[in-house]
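K.L.:
Quick one: this structure, given as structure tokens, is what I'll be asking you about.
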Amino acid sequence: LARIRSAREPFVQPGLFRNGSYSLGLVIAVLVMGIGYSLPFLSPQLLAGVQGLKAEWVGAAMVPAAAASALLGRKAGKLADSRGAPFLFGLASALLTLGFLLLSTFAGAPPAAVALLLVFGNVGQMFMQIALTKTVSATLPKEQAGVGLGLLSMLNFLSGAVASSLYGRAVDGGAAVSWNPLQTNAGADVFGNVYLLLAAAHAGLFLLYRSRFGAGSNRVRPQAAAPAPGTQDGR
């Protein structure tokens, strides 16, 4: 921040963050990615710690979800182009919320069932990333798109690192009670509680996204980049 504010021609123009739609898109993306990191981080611990799978079988249990995401990737891109990013975001949010609710309820289920439930989350997360990238790019003028999307990618990695540490702390701390009355395996209480919180968080993020970027919204318009210092219009 100090470098950006002091440099004559900073790589990231401070004016970029005066774009309210872009800044809100970044906040939503950071939260979404933080939630999404629960799938590759918590799932192996659930499968190993609760279901008792060995490492090689943990990997095998996560293959169906990864394969489904790969197969549906092109479909998601076409949906974003034909129906718009808000539609794809809503679909992704529904898949993720449903996936986390099912994982919360059946955290102690057999490994095959958990492997199938992970499909909802992984596909939803892949749809969500495409929808958010398209949404954020639409808030930026052409000359700021590169640095704006680069900053989005950087913050996604930072979000994942912070979220993973929080999930690890939660699992280490355990859970005294289950917040989901339908989850009956005491050994999976902490996972059920975390997944339940993440489902609620996604429902809230959907409402936040909808309020600013929902279909028919006229508040998402790329803003022109601020004139560079020393130019005729930026004197």
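The values are calculated or read from the model by the stated rules, or taken from the named source; none is laboratory data. Quantities reported herein were computed from a predicted structural model and do not represent experimental measurements. Neighbour counts run over all protein chains shown; Cβ positions are idealised from the backbone, glycine included. Note: accessible area is taken over every heavy atom of the protein model, side chains too, but ligands, DNA and RNA are not part of it. Shrake-Rupley method; radii C 1.70, N 1.55, O 1.52, S 1.80 Å.
Rundown of residues vs (1) over 20 Å from residue 43 (Cα atoms); (2) open to solvent by less than 10 Å² (accessible area, probe 1.4 Å); (3) at pLDDT below 95; (4) outside any helix (DSSP H, G or I), yes/no style:
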| position | (1), (2), (3), (4) |
| --- | --- |
| 119 | no, no, no, no |
| 133 | yes, no, yes, no |
| 143 | yes, no, yes, no |
| 147 | yes, no, yes, no |
| 151 | yes, no, yes, no |
| 154 | yes, no, yes, no |
| 172 | no, no, yes, no |
| 180 | no, no, yes, yes |
| 187 | no, no, yes, no |
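K.L.:
Moving on to the next point. Please work out if residue 26 is at pLDDT 90 or above, outside any helix (DSSP H, G or I), on the phi < 0 side of the Ramachandran plot and surrounded by 13 or more Cβ atoms within 10 Å (Cβ to Cβ).
P.N.:
Working: at pLDDT 90 or above: yes; outside any helix (DSSP H, G or I): no; on the phi < 0 side of the Ramachandran plot: yes; surrounded by 13 or more Cβ atoms within 10 Å (Cβ to Cβ): yes.
No.
K.L.:
Looking only at segment 56-73, decide whether some residue is under 24 Å from residue 132 (Cα atoms), polar (S, T, N, Q) and either open to solvent by 10 Å² or more (accessible area, probe 1.4 Å) or in a helix (DSSP H, G or I) (or both).
P.N.:
So far as segment 56-73 goes, yes, one or more of its residues are under 24 Å from residue 132 (Cα atoms), polar (S, T, N, Q) and either open to solvent by 10 Å² or more (accessible area, probe 1.4 Å) or in a helix (DSSP H, G or I) (or both).
K.L.:
For the structure I just gave you, tell me whether residue 160 is over 16 Å from residue 43 (Cβ atoms) and either of a type outside the set (A, V, I, L, M, F, W, C) or surrounded by fewer than 14 Cβ atoms within 10 Å (Cβ to Cβ) (or both).
P.N.:
Judged against the criteria, residue 160 is not a match.
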